[in-house]
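Input: a single structure, listed below in structure tokens.
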Amino acid sequence: MRKPFIAGNWKMNTNYTSALGLARRLVEQLKGIDTVDSAICVPFVYLQAVSSTLSSSNIALGAQDVFYESNGAFTGEISCEMLKDVGCTYAIIGHSERRHVIGETDVVINKKVRAAIAGGLLPIFCVGELLEEREAGKTEDVVVSQIRKGLEGVDPERVQAVTIAYEPVWAIGTGKTATAEQAQQVHAMIRSLVAEMYDKNIAERMRIQYGGSAKPSNTTELMANPDVDGLLVGGASLKVEDFSAMIKTVA
Ligand code: PEP
């Protein structure tokens, strides 16, 4: 049985005061909920402060990216060790905005996934197709290729640390959500791919989140699918009422 996992991705939003306020109100709202794993992925500069706010709660802390080297001359980058040091449990890796805006490749993403696991972080590894790829009937090819490349060299013992987030790029921040059927179809395909790459037990245990305009009004429908184990939430995670309502619905 997979425990549902709902994570918020604050992206490049909030400031010191609003980040702390958001975290504080979430802690109050989600007190006592232990049937759902929850996490918030906060801008790097506010991780430490938010970490203190979350310290006596069930809400885990995550970063939105991580670099694959552990220290040295990598100006502007942040290592796993640094993230662990400020209390992070999770790191989002390969988010579509990093793939398509920043230009991260599958090779870089794979290095990050491997480094995160080796460094004791739990990757939320994002995959998903562009609108033109979906329209050209290439969704499966794109997602399979991203997963094979992203998990290359990750051995069976270590892959259990990974949550895969299926995020169709056309649904991120656009208000367009994949239908429950579209999500389930890709999630089921991902689970069979993981079974093929590793084994059935690993695939059965692997949590696969959906992301892309998830909100309170579509949470029940999305989460009702047998292979949708959680949500990666952008916009709605910046609203305490919405994000906590989604977690309570799932709980
Ligand atoms: C995301 O940032 O991962 C995301 C899914 O964003 P949104 O929920 O705003 O579409």
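The values are calculated or read from the model by the stated rules, or taken from the named source; none is laboratory data. In this text the structure is predicted, and so the values were computed from the model without any measurement. Glycine gets a Cβ as well: all are built from the backbone with ideal geometry, and neighbour counts include every protein chain shown.
Overview of values
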quantity: Condition met for LEU83 (assigned to a helix (DSSP H, G or I), hydrophobic (A, V, I, L, M, F, W, C) and touching a residue at least 60 places away in the same chain (Cβ under 8 Å)); calculated: no
quantity: Residue selected from segment 154-163 under the condition within 19 Å of the chain's Cα centre (by Cα) and more than 13 Å from the ligand (Cβ to nearest atom), by the criterion surrounded by the most Cβ atoms within 10 Å (Cβ to Cβ); calculated: VAL162
quantity: Hits in segment 234-251 - residues which are among the β-branched types (Val, Ile, Thr) and either touching a helix residue (DSSP H, G or I) at 6+ places or on another chain (Cβ under 6 Å) or at pLDDT below 95 (or both); calculated: VAL240, THR249, VAL250
quantity: From the options SER96, SER79, residue that is hydroxyl-bearing (Ser, Thr, Tyr) and within 13 Å of the chain's Cα centre (by Cα); calculated: SER96
quantity: Segment 1-24, residues that are under 23 Å from TYR210 (Cβ atoms) and surrounded by fewer than 17 Cβ atoms within 10 Å (Cβ to Cβ); calculated: MET1, ARG2, LYS3, MET12, ASN13
quantity: Among (1) within 14 Å of ALA236 (Cα to Cα); (2) assigned to a loop (DSSP other than H, G, I, E, B) - the single one LEU22 does not satisfy; calculated: (2)
quantity: Residue in segment 191-202 that is at pLDDT 95 or above, within 15 Å of the ligand (Cβ to nearest atom) and assigned to a loop (DSSP other than H, G, I, E, B) present; calculated: no
quantity: Output for segment 218-239, where each listed residue is within 15 Å of the ligand (Cβ to nearest atom), more than 19 Å from TRP170 (Cβ to Cβ) and in a helix (DSSP H, G or I); calculated: THR219, MET223, SER237, LEU238
quantity: Residue list for segment 173-187, restricted to those being buried (at least 24 other Cβ atoms within 10 Å of the Cβ) and in a loop (DSSP other than H, G, I, E, B); calculated: ALA178
quantity: Hits in segment 123-153 (condition: surrounded by fewer than 20 Cβ atoms within 10 Å (Cβ to Cβ), touching a residue at least 40 places away in the same chain (Cβ under 8 Å) and at negative phi); calculated: LEU130, GLU140, VAL144, ARG148, LYS149, GLU152
quantity: Within segment 84-108, tally of residues that are within 16 Å of the ligand (Cβ to nearest atom) and over 30 Å from SER57 (Cβ atoms); calculated: 5
quantity: Matching residues in segment 25-53 - criterion: being surrounded by fewer than 15 Cβ atoms within 10 Å (Cβ to Cβ) and assigned to a loop (DSSP other than H, G, I, E, B); calculated: LYS31, GLY32, ASP34, THR35
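So that you can scan it fast, the table gives a plain yes or no per residue for (1) over 20 Å from LYS248 (Cβ atoms); (2) touching a residue at least 12 places away in the same chain (Cβ under 8 Å); (3) of a type in the set (S, T, N, Q):
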position	(1), (2), (3)
MET12	yes, yes, no
THR17	yes, no, yes
ALA23	no, yes, no
THR35	no, yes, yes
VAL42	yes, yes, no
SER51	yes, yes, yes
SER55	yes, yes, yes
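To keep it simple, each residue is scored yes or no on (1) closer than 25 Å to LYS3 by Cβ; (2) of a type outside the set (Val, Ile, Thr); (3) at pLDDT 95 or above; (4) touching a Leu at 6+ places or on another chain (Cβ under 6 Å).
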| residue | (1), (2), (3), (4) |
| --- | --- |
| ALA116 | yes, yes, yes, no |
| GLY119 | yes, yes, yes, no |
| PHE125 | yes, yes, yes, no |
| GLY128 | yes, yes, yes, no |
| GLU133 | no, yes, yes, no |
| VAL142 | no, no, yes, no |
| LYS149 | no, yes, yes, no |
| PRO156 | yes, yes, yes, no |
| ILE164 | yes, no, yes, no |
